[in-house]
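Structure first, then comments.
The values are calculated or read from the model by the stated rules, or taken from the named source; none is laboratory data. Predicted, not measured: the structure shown is a model, and the values here were computed from it. With ideal geometry, Cβ positions are generated from the backbone for all residues, glycine too; neighbour counts draw on all protein chains shown. What goes into the accessible areas is simple: the full protein's heavy atoms, side chains included, and nothing from ligands, DNA or RNA. Shrake-Rupley method; radii C 1.70, N 1.55, O 1.52, S 1.80 Å.
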Amino acid sequence: MRSFGYAFEGLAYLVRTQRNFRIHLLVALAAVVAALVAGLSAIEWAVLILTIAFVVIAEGLNTGIELAVSLASPERRPEAKAAKDIAAGMVLLAALASIGVGLALFTPRVIALFRP
């Protein structure tokens with residue numbers, strides 16, 4: 001049970017301190033509302049939920065890596081910078097992939113709204 005407490009503390013830390021994490025959560029909420037309105041199928045819901053989880057997990061791992069690297073290497077080192085940049089790059093790739101998923105899920109429905 002203590003492990004769950006630590007996990008929730010970690011999530012609370014992310015929400016409290018990480019602006020980008022909060023942005024990802026707001027975008028995720030908007031996607032869920034859009035999915036409810038659009039009437040996604042079960043498979044589409046699964047894809048959406050996994051995509052949201054992928055982005056949020058990437059952001060959390062990025063924060064963890066940045067904190068660990070800063071702790072391990074408080075002085076400026078090229079390797080520390082590279083580790084942080086790579087982690088941030090993975091979040092960017094996850095966010096770009098999520099845009100692709102969003103387009104695939106919602107574009108056909110939006111187009112259908114304008115068809116006679």
- Round to the nearest 0.05 the FRET efficiency obtained for residue 67 and residue 107 when R0 = 41 Å and r is the Cβ-Cβ distance. 0.65
- Message: Could you give each residue of region 57-66 its phi-based ³J(HN,Hα) in whole Hz, using Karplus coefficients 6.51, -1.76, 1.60 with θ = phi - 60°, and x for Gly or Pro?
- Response: 5, 4, 5, x, 5, 4, 5, x, 5, 4
- Item | Difference of contour (0.36 nm per residue) and Cα-Cα distance, residue 20 to residue 79 | 18.9 nm
- Task: Starting from region 34-89, pick out the GluC sites (Glu not before Pro) whose DSSP state is loop and whose Cβ has at most 12 other Cβ atoms within 10 Å.
- Result: 75
- Task: For residue 33 and residue 45, compute 0.36 nm times the residue count separating them, minus their Cα-Cα distance, and round to one decimal in nm.
- Result: 3.2 nm
- Message: Below 8 Å between Cα atoms, with a sequence gap of 6+, how large is the relative contact order for region 57-116 in percent?
- Response: 37 percent
- Query: Can you give the calculated 222 nm mean residue ellipticity of the chain, where each DSSP H run of n ≥ 4 adds -39,500 (n - 2.57) and the sum is split over every residue, rounded to the nearest 500 deg cm²/dmol?
  - Reply: -31500 deg cm²/dmol
- Item | Note, ³J(HN,Hα) from phi for region 68-83, Karplus 6.51, -1.76, 1.60, rounded to Hz, x at Gly and Pro | 5, 5, 4, 5, 6, 9, x, 7, 6, 9, x, 5, 5, 4, 4, 4
- Averaged per residue, the 1.4 Å probe accessible area of the chain, protein heavy atoms only, in Å², is roughly 71 Å²
- Query: If you roll a 1.4 Å probe over the chain with all protein chains in place, what percent of the accessible area is carbon or sulfur?
  - Reply: 74 percent
